[in-house]
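Before any comments, here is the structure.
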Amino acid sequence: MVGVVLAVLGVSACSADPQGRPATGAASDRTHPQARLREGLLTLDRLPQGFQLNTADVNSTTTGAPHTPSAVSIASMPCSELGVESFMTAHAHPVEDAAVGVERTPVGDDDMGWFGQESLDRYAPGQAAEVMAAIRGVAGRCASSTDTLADGTPLRDTASVTAAGVAADDSLLLHLTSAFPDGGQQFVNETAFVRMGDVILMVQHVVEDHPSSDTETVLSAAMTAYRSTAGG
């Protein structure tokens, strides 16, 4: 299961050699504008009850990491990349970005816990609105598609968009379901995108079988954390 989840998540948008991270301290905050964006991420004291930071499977609180932008836009990217968190930085390269992994340990046999991440991507003036429109467009184009795992196993994918129900300049919930053709196990990927000015806050969740209200819980905490530092 973990291997499939990580394959869906892909490589972190903010992966970087730890030696290349900005230095800590006030001097770093003044020197690196990315550090100020990072201050708006969820931290231990801002997490909802029961959640913790994940620093093993998602490269956390890294900023200013090198990226390899694709010449392909979000509107034209393959449907299979909708479930990969790095599609934002690959196909709509932000001027600043930061990410942190978040998880909740399962409690009881019927609880699946929560595994995902939060990211903040800052765009040039006006571009964030275009990115949100592009996400809606590709979700419509990829409402039904097929994908293949590394071992050749086929998957049937569906995509849909609903309202995120939060107060912001723009927001949406992207629902992705990948199912095996035999009708067995399925994977649900739920990602919230919230635009506040030129910044897009993303909270992504990957889970077996069904979505979770935990996504909305993490999103609410993430928005509160960002606004506490952005003054909005």
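Confirm whether D147 is in contact with a helix residue (DSSP H, G or I) (Cβ under 6 Å, 6 or more places away or on another chain) and under 15 Å from F87 (Cβ atoms). Can you show your working first?
Details: in contact with a helix residue (DSSP H, G or I) (Cβ under 6 Å, 6 or more places away or on another chain): yes; under 15 Å from F87 (Cβ atoms): yes.
Yes.
Going by what's in this entry, would P125 be described as of a type outside the set (A, V, I, L, M) and touching a residue at least 40 places away in the same chain (Cβ under 8 Å)?
On the way: of a type outside the set (A, V, I, L, M): yes; touching a residue at least 40 places away in the same chain (Cβ under 8 Å): yes.
In short, yes.
Within the stretch 211-232, restricting attention to residues that are surrounded by fewer than 18 Cβ atoms within 10 Å (Cβ to Cβ), outside any helix (DSSP H, G or I) and at negative phi, which residue is modelled with the highest pLDDT?
Within the stretch 211-232, the match that is modelled with the highest pLDDT is S213.
Filter the stretch 37-53 for residues that are within 15 Å of F115 (Cα to Cα), open to solvent by less than 50 Å² (accessible area, probe 1.4 Å) and assigned to a loop (DSSP other than H, G, I, E, B) and give the result.
L42, L47, P48
Taking L173, is it within 13 Å of the chain's Cα centre (by Cα) and aliphatic (A, V, I, L, M)?
Working: within 13 Å of the chain's Cα centre (by Cα): yes; aliphatic (A, V, I, L, M): yes.
Spelling it out, L173 is indeed within 13 Å of the chain's Cα centre (by Cα) and aliphatic (A, V, I, L, M).
Take the conditions at pLDDT below 90 and in contact with a Phe, Trp or Tyr (Cβ under 6 Å, 6 or more places away or on another chain) and apply them to E81. Does it pass? Give the derivation first.
On the way: at pLDDT below 90: yes; in contact with a Phe, Trp or Tyr (Cβ under 6 Å, 6 or more places away or on another chain): yes.
Judged against the criteria, E81 is a match.
Quick one: how many residues across the stretch 174-219 are in contact (Cβ under 8 Å) with a residue 40 or more places away in the chain and aliphatic (A, V, I, L, M)?
Qualifying residue count, the stretch 174-219: 11.
The values are calculated or read from the model by the stated rules, or taken from the named source; none is laboratory data. This is a predicted model, so every value here is computed, not measured. All Cβ positions, glycine included, derive from the backbone under ideal geometry; neighbour counts span all protein chains shown. Heavy atoms of the whole protein, side chains included, go into the accessibility calculation; ligands, DNA and RNA do not. Shrake-Rupley method; radii C 1.70, N 1.55, O 1.52, S 1.80 Å.
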